[in-house]
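The values are calculated or read from the model by the stated rules, or taken from the named source; none is laboratory data. Values in this document were obtained by computation on a predicted structure and should not be read as measured data. Here the Cβ is made from the backbone with ideal geometry for all residues, glycine too, and neighbour counts use every protein chain on show. Side chains included, ligands, DNA and RNA excluded: accessible areas come from the protein's heavy atoms. Shrake-Rupley method; radii C 1.70, N 1.55, O 1.52, S 1.80 Å.
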Amino acid sequence: MKFNTKAIHGGQKPDKAFSSVMPPIYQTSTYAQAQPGKHKGYAYSRTHNPTRHALESAFASLENGKFGLAFGSGLAAIDAVLKLLKPYDEVIS
């Protein structure tokens, strides 16, 4: 798949609810559950949500990677990277 096609359709699968080609934007904070802890993949949007999952899949596709990550802020991204370091690791900036 060429870059321009990946930029638009990379990592996307038709929406499970209505088979839409472009993923919809889900503006909800919670999702219905059969019972507490028994959900269909999404329980609370701060932990996982279909919109962020679509964005992360598109990032992975553009970079020919297996996974992509999206963060709510630059500080959250920096925090995640810093947590990969071990004591006495050095960072050169």
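If exposed means no more than 16 neighbouring beta carbons inside 10 Å and the site is in a DSSP loop, what's the longest run of the chain without any exposed chymotrypsin sites (Phe, Trp or Tyr not before Pro)?
That would be 32-66.
State which stretch of the chain is the longest one without any exposed trypsin sites (Lys or Arg not before Pro), exposure meaning a DSSP loop state and at most 15 other Cβ atoms within 10 Å. If you can, show how the numbers build up before the last one.
On the way: sites that count: LYS2, LYS16, LYS40, ARG46, LYS66, LYS83.
Free of exposed loop sites, the longest segment is 17-39.
Accessible area per residue, 1.4 Å probe, Å², for the chain: what's the number? Mind dumping the intermediate values first?
On the way: 8140 Å² over 93 residues.
Computed with neighbouring chains in place, this is 88 Å² per residue.
Beyond 24 Å between alpha-carbons counts as too far, so tell me which of LYS6/LYS38; LYS16/LYS66; LYS13/LYS83 fall in that bin.
The pairs that break the limit, which is 24 Å between Cα atoms, are LYS6/LYS38; LYS13/LYS83.
Given 10 Å bins starting at zero, what is the percent of C-alpha pairs of the chain in each, up to the one with the largest pair distance?
Cα pair-distance distribution for the chain, in percent: 14, 34, 32, 16, 4, 0.
Within the chain, what whole-number % of the accessible surface is contributed by carbon and sulfur, with the 1.4 Å probe and all protein chains included in the calculation?
Looking at the chain in its full context, I get 60 percent from C and S.
Hand me the GluC sites (Glu not before Pro) from the stretch 27-93 located in a DSSP loop with no more than 14 other Cβ atoms within 10 Å, in residue order please.
Within the stretch 27-93, the qualifying GluC sites (Glu not before Pro) (loop, at most 14 other Cβ atoms within 10 Å) are GLU63, GLU90.
Cα centroids of the stretch 66-82 and the stretch 30-49: how far apart, whole angstrom?
After rounding, the separation between the Cα centres reads 22 Å.
For every helix of n ≥ 4 consecutive DSSP H residues, a contribution of -39,500 (n - 2.57) applies; sum these over the chain, divide by its total residues, and give [θ] at 222 nm rounded to the nearest 500 deg cm²/dmol.
-9000 deg cm²/dmol
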